[in-house]
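So the structure is just underneath, and the comments pick up after that.
The values are calculated or read from the model by the stated rules, or taken from the named source; none is laboratory data. Keep in mind that what you see is a predicted model, and the values were worked out from it rather than measured. Positions of Cβ are backbone-derived with ideal geometry, glycine not excepted, and every protein chain shown enters the neighbour counts. Heads up: the accessible areas ignore ligands, DNA and RNA and are worked out on the full protein's heavy atoms, side chains in. Shrake-Rupley method; radii C 1.70, N 1.55, O 1.52, S 1.80 Å.
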Amino acid sequence: MRAPTRQGVIEAARKVSEILPSTPLLPVSIGEARFWVKAECLQPVGAFKIRGAWHRLSALDETESGKGVVAVSSGNHAQGVAWAARRLGMTATIVMPQDAPPIKLARTKELGAEVVTYDRMTENREEIAEALAAEKGATYVHAFGDPWVIEGQGSAGIEILAQLEAQGEPSPTRILACCGGGGLTAGLALACPDARVVPVEPEGWDDVCRSIESGEIQSVGKNPPATACDALQTFATKPVNFAVLKARCEYGLRVTEAEVREAQRFAFSHLRLVLEPGGAVALAAALSGKAKLDGTTVIILSGGNVDPRQFCQAIWQA
């Protein structure tokens, strides 16, 4: 497998800009602290995953595209792949956990993808996907462990650089990224080499934090705790991601479920934005005081695919 590159990120940004407008970069102030938020929750599929999916699928040749794609996802990558496949005239099969949010399952199907479900805790989703890809002769589009996907996610960083420059602001010194497998974090690290990129994970699902701390890939282990952050339930990162993270990320941060809910409330009440739990963890790190906000700090609001009833219950939960 080739390594992702900054030039690849720049090319991905060019391709993404041809089909999608830049997502807003909004200034936020809390007391004396000032930072920026990148509203990836406003993408057509409600998450940044559309970037990597488009860069990957649009790179397939005619023979590959004719055989379709297979992907695994709890819902955001699923919708990104399904959206890109429909636009490019490909078939898409998505392996999704049985306990994925119903709204994500429904929207993936609405975009024309075939959905195959599995048990998150007892079955290996990658083995299922690889078997389906082999059976169909399709291309397996990994949710984070793919160089094209990493480069595509990094296109958000190229947009950030341009948007800050347009505002007369300096380049980011720190970027807080919601992190599952590390595709977005690695892409941002390639896109913004002068920024300190900090992955943020829910407590107990902190495989990337553990990996950075130990210097080698770690798993979340057996029986990880329940979390509302379904989009970030990744058991371990991949070598292609960790090669970038190990070189570029000094540390990661962990947040609690209560801190995530508070971030959802803040985004709704102060920014008029709806965030899913997994899309709010980076903001949670800032609001909880766990992340420094000096210099030019940018926080990625990575997704907003959440059931309305669950969202209302979460933001008003004591």
Members of segment 3-41 that are in a loop (DSSP other than H, G, I, E, B) and either touching a helix residue (DSSP H, G or I) at 6+ places or on another chain (Cβ under 7 Å) or modelled with pLDDT of 95 or more (or both): 3, 4, 5, 18, 19, 20, 21, 22, 23, 24
Filter result for residue 208 (open to solvent by 50 Å² or more (accessible area, probe 1.4 Å), aliphatic (A, V, I, L, M) and either under 25 Å from residue 79 (Cα atoms) or within 16 Å of the chain's Cα centre (by Cα) (or both)): no
Where residue 246 falls short, out of the listed (1) closer than 23 Å to residue 191 by Cα; (2) surrounded by 20 or more Cβ atoms within 10 Å (Cβ to Cβ): (2)
Residue under evaluation residue 148, criteria (1) crowded, with 24+ Cβ neighbours inside 10 Å; (2) under 21 Å from residue 47 (Cα atoms), criterion not met: (1)
Which listed residue, of 252, 221, 215, is over 19 Å from residue 49 (Cα atoms) and open to solvent by less than 20 Å² (accessible area, probe 1.4 Å): 252
Extreme residue, nearest to residue 24 (Cα to Cα), among residues of segment 137-185 that are of a type in the set (Phe, Trp, Tyr) and outside any helix (DSSP H, G or I): 144
Any hit, segment 179-194, residues being open to solvent by 20 Å² or more (accessible area, probe 1.4 Å) and in contact (Cβ under 8 Å) with a residue 24 or more places away in the chain: yes
Given (1) open to solvent by 20 Å² or more (accessible area, probe 1.4 Å); (2) not in a helix (DSSP H, G or I), index of the condition residue 199 fails: (1)
Selection within segment 42-61 - closer than 20 Å to residue 132 by Cα and part of a helix (DSSP H, G or I): 53, 56, 57
Cross-chain or 6+ apart pairs with Cβ under 8 Å, segment 40-58 first and of a type in the set (Ser, Thr, Tyr), then at pLDDT 95 or above and surrounded by fewer than 24 Cβ atoms within 10 Å (Cβ to Cβ): 58/15; 58/88
Test: residue in segment 136-156 that is over 16 Å from the mean Cα position of the chain (by Cα), under 18 Å from residue 84 (Cα atoms) and among the hydroxyl-bearing types (Ser, Thr, Tyr): yes
Test: residue in segment 246-258 that is under 15 Å from the mean Cα position of the chain (by Cα) and not in a loop (DSSP other than H, G, I, E, B): no
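Hey, can you tell me all the residues within segment 279-318 that are among the charged types (D, E, K, R) and in contact (Cβ under 8 Å) with a residue 12 or more places away in the chain? Lay out the reasoning, then the answer.
Step one: of segment 279-318, the residues among the charged types (D, E, K, R) are 290, 292, 294, 307, 309.
Of everything in segment 279-318, those that are among the charged types (D, E, K, R) and in contact (Cβ under 8 Å) with a residue 12 or more places away in the chain turn out to be 290, 292, 294, 307.
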